[in-house]
Each structure stands twice: as structure tokens, then as C-alpha cells.
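Note sheet for the following structure.
Each value in this text was obtained by applying a stated rule to the coordinates, not by laboratory testing. From a predicted model like this one, the values you see are computed outputs, not experimental measurements. Please note: Cβ atoms are built from the backbone with ideal geometry, for glycine as well, and neighbour counts cover all protein chains shown.
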Amino acid sequence: MRKSKKERQQLLTTTINDNPFITDEDLAEKFEVSVQTIRLDRLELSIPELRERIKTVAEKRFEDEVRSLPLEEVIGEIIHIELDQNAISIFDVKKEHVFKRNNIARGHHVFAQANSLAVAVINDELALTAKANIQFKRLVKLNERVIAKAKVIKIDGNLGRTSVEVTSFVNNELVFTGEFEMYRSKNR
């Protein structure tokens, strides 16, 4: 039996609060209504779309964890982080990130995602790139999603250096690799 609009909207609010990652399609199936109805309900209730909900959850979750730079300075969206161990971020290539004549991403955006993730994974108030060895494996294009994965390889507290390896993928295809030597406070 279908619920009234008021009942559906109350349940919709509860469902999204319990699982902010649920899609409009899944909600439509759950409440046996169209995706458009779900979108209209969300609009009436001032509930943002999935992408915005994910971003909000990530910001709340990681704002106290990332120590080396403000979260808004990270290029891309951090979706996982374990300080001094590993981290993952997502970067969606948009029109402002590409060359107009061929829709290929400007390399500094792909590099910036990897470099800022290497900084963010450092468990220190100070983290700066001392040296980077990078390689672009293939072109990244407009509307592609780049997933960068950072892994701390070595921490040398005496020298105040940390080695971080970053690999970036588009649809599981390697597009970028980088080995970053990061400067940090000594004695970590």
C-alpha cells in the first residue's frame, strides 16, 4: 500500500539520515515511486543530491583528521584516510580543468590531486613536498573521474621525511604515478 506524501517524506528523511549514500534510484524503488518524485520530495525537504551529501559526510568525517592542511585545500574529495598509512580521493574532471581545444585535462590538476593527497596523509601540522618523481601514464579527459590512492612507504623521523606513493586511476586504468618525499617535523 502506497504511503501518503507526508508519510513518504518523513520516511525519506529518516532513510537518508540513516544512509546518506543511498541513491535516488534506490529510494524510488524502496518507496515505489518515480525517481522524479524522489527528487521533488528532496527539493521540498531541502535535502541535497547524493553528490552533495557524500561531500558533506566526508568533510565532517575528515575535518578533524587531516592535520597538515585545511580540508578545502585538498584537490578532489577525500573519501578515506588513515594518517601516516593511506588515503583515497576522488577528482571529477570538469570543463574548467581541461584544454578547450581537445578536452584533455591539464596535467597540473592531476598532479595537484596526488600531491595534496600526499600532504593530507601526513600526521603532522607541517607537511611540504621536498621532492617528487612523477609519471603520467595516459591522458585524462573531460568528465572522467580520477581516483587517487596514497600509501605511506617510509617514515624517517630523524630526517623529518616521509615517502608517499600515489597512484591515480580512471576506471581501474592507471593514469598517473608519483613518489613524493615529504618534509615533516622531526621525531615522528
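Given the options Ile47, Ile38, name the one that is in a helix (DSSP H, G or I) and in contact (Cβ under 8 Å) with a residue 12 or more places away in the chain.
Ile38
Read through the list (1) β-branched (Val, Ile, Thr); (2) touching a residue at least 24 places away in the same chain (Cβ under 8 Å); (3) closer than 19 Å to Ile75 by Cβ, then give the number of the only condition that Ile155 fails.
(3)
I'd like the full set of residues that are over 18 Å from the mean Cα position of the chain (by Cα), crowded, with 17+ Cβ neighbours inside 10 Å and among the β-branched types (Val, Ile, Thr), limited to region 153-178.
Ile155, Thr162, listed by residue number.
Only one of (1) over 14 Å from Asp84 (Cβ atoms); (2) out of contact with any Ser or Thr (no Cβ under 8 Å at 6 or more places or on another chain); (3) of a type outside the set (S, T, N, Q); (4) without any contact (Cβ under 8 Å) to a residue 40 or more places away in the chain is not met by Leu174, so which one is it?
Of (1) over 14 Å from Asp84 (Cβ atoms); (2) out of contact with any Ser or Thr (no Cβ under 8 Å at 6 or more places or on another chain); (3) of a type outside the set (S, T, N, Q); (4) without any contact (Cβ under 8 Å) to a residue 40 or more places away in the chain, only one is false for Leu174: (2).
Could you list all residues from region 77-96 that are touching a residue at least 24 places away in the same chain (Cβ under 8 Å) and farther than 19 Å from Val152 by Cα?
Residues satisfying the conditions are Phe91, Asp92, Val93, Lys94, Lys95.
Return the total of residues in region 158-171 being touching a residue at least 40 places away in the same chain (Cβ under 8 Å) and of a type in the set (Val, Ile, Thr).
From region 158-171, those touching a residue at least 40 places away in the same chain (Cβ under 8 Å) are 162, 164, 166, 168; that's our starting set.
Keeping just the survivors that are of a type in the set (Val, Ile, Thr) gives 162, 164, 166.
So the count comes out to 3.
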